[in-house]
Each structure stands twice: as structure tokens, then as C-alpha cells.
1. Mind checking which aspartates and glutamates have their Cα closer than 18 Å to the Cα of LYS143? Skip sequence neighbours fewer than 8 apart in that chain.
2. What does the net charge come to around ILE138 if you take all other residues with beta carbon closer than 11 Å to its beta carbon, with K and R at +1 and D and E at -1?
3. For region 37-145, which GluC sites (Glu not before Pro) are both in a DSSP coil and crowded by at most 16 other Cβ atoms within 10 Å?
4. Between 0 and 90 degrees, rounded to the nearest ten: what's the tilt of helix 66-88 against the longest Cα principal axis of the chain?
5. In debye, nearest 20, what is the charge dipole magnitude of region 3-144 about its Cα centre with +1 on Lys and Arg Cβ and -1 on Asp and Glu Cβ, if you could check?
6. Which value in Å does the Kirkwood hydrodynamic radius of region 13-70 take, with 1/r averaged over all unlike C-alpha pairs and then inverted?
7. Quick one: order MET22, MET47 by neighbouring beta-carbon count within 10 Å, fewest to most.
8. How long is region 72-119 along each principal axis, judged by its Cα atoms, biggest number first, in Å?
Amino acid sequence: MDKRKARDNWIFAAWCVSVIAMFGSLYFSEIRHYEPCVLCWFQRIVMYPFTIILGIAIIRKDYWISFYTMILSAIGAFISAYHYLQQKLPAFAESTFSCGRVPCTGEYINWLGFITIPFLALTAFIIIFVCSCCIWKISKEVKTS
């Protein structure tokens, strides 16, 4: 496969993941009426701009945006991982700060005993990070050739 076409596929995949994550979080809050905790809001603050940033990058063929999406997705993954650990490990739950009206340790969903909303966000951030790394690597190869 042509490297330029592969870059298009990776950036489109990252954008699709961000759109699915955004609509998924809106579904949980607006349709299911699950009130987000503070850490959920932080994850949304990081995730939602990806839909716009990556969408514009697709249109403009701006693959160097992957540098910034790598950084943002790593930050989002860190927040999601911390939130997930608070939900699943008692040691983290005990040291948690007050999250406001909704506790950060609450689990609205718990599919298969381990899939919670922060786990879904973590998965999305990891996929976007991997896609961004692939775009970055291919872009460096295309530039040098």
C-alpha cells in the first residue's frame, strides 16, 4: 500500500474513533442521563476537540497534526487510566479527592466486570495515540524519501 494512502487511512481511523467516543459520551449523558463526574469532564475536554482537529487535518491533508494529537491523547489516556484505577482498585478509591455531586468511583456501566466508561475512553485515547504515532512515522518517512 502506498504510504500516502496509509496516512490517509490512519488519520481517518483516528477521526472515526474520536467521533464515536464523542457521541458515546453524549449518549451516556444526554440519552441515559448519567451525570458525568469531574474526571469524566476532563476526559471530554481532551476528547471532543479531536473531532474538529482531525476533521480539519483530513480536509487539509495536514499530517503533522499527529504530533499534537499524540500529546493530547497521551494526556487523555493518563486521565482515563487514573479514573479507571479509582474505580477498580480500593487503594486508589480511598485516596481520591471529592469529585462533586457525582463520585469519580461510581460505575454507571460495568460490562463483563471490567468495561466502564473510563475504560472506553482509555481505549479510544490509546487507539488515537497509536494512529497518531503511525501517521507521524509515515510522515517522517515520506519527508525523507
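1. ASP2, ASP8, ASP62
2. Charge balance near ILE138 sits at +4.
3. GLU107
4. Between helix and principal axis, roughly 20 degrees.
5. Numbers: 13 positive and 7 negative charges, 152 e Å.
The dipole of region 3-144 has a size of about 740 debye.
6. One over the average 1/r among Cα pairs gives 12.2 Å for region 13-70.
7. MET22, MET47
8. The principal-axis extents, from largest down, are 26, 26, 21 Å.
Rule-based calculations on the coordinates, nothing more; no lab input. The model shown is predicted, which means the values in this text are computed figures rather than measured ones. Cβ coordinates were reconstructed from backbone atoms using ideal geometry, including for glycine residues, and neighbour counts include every protein chain displayed.
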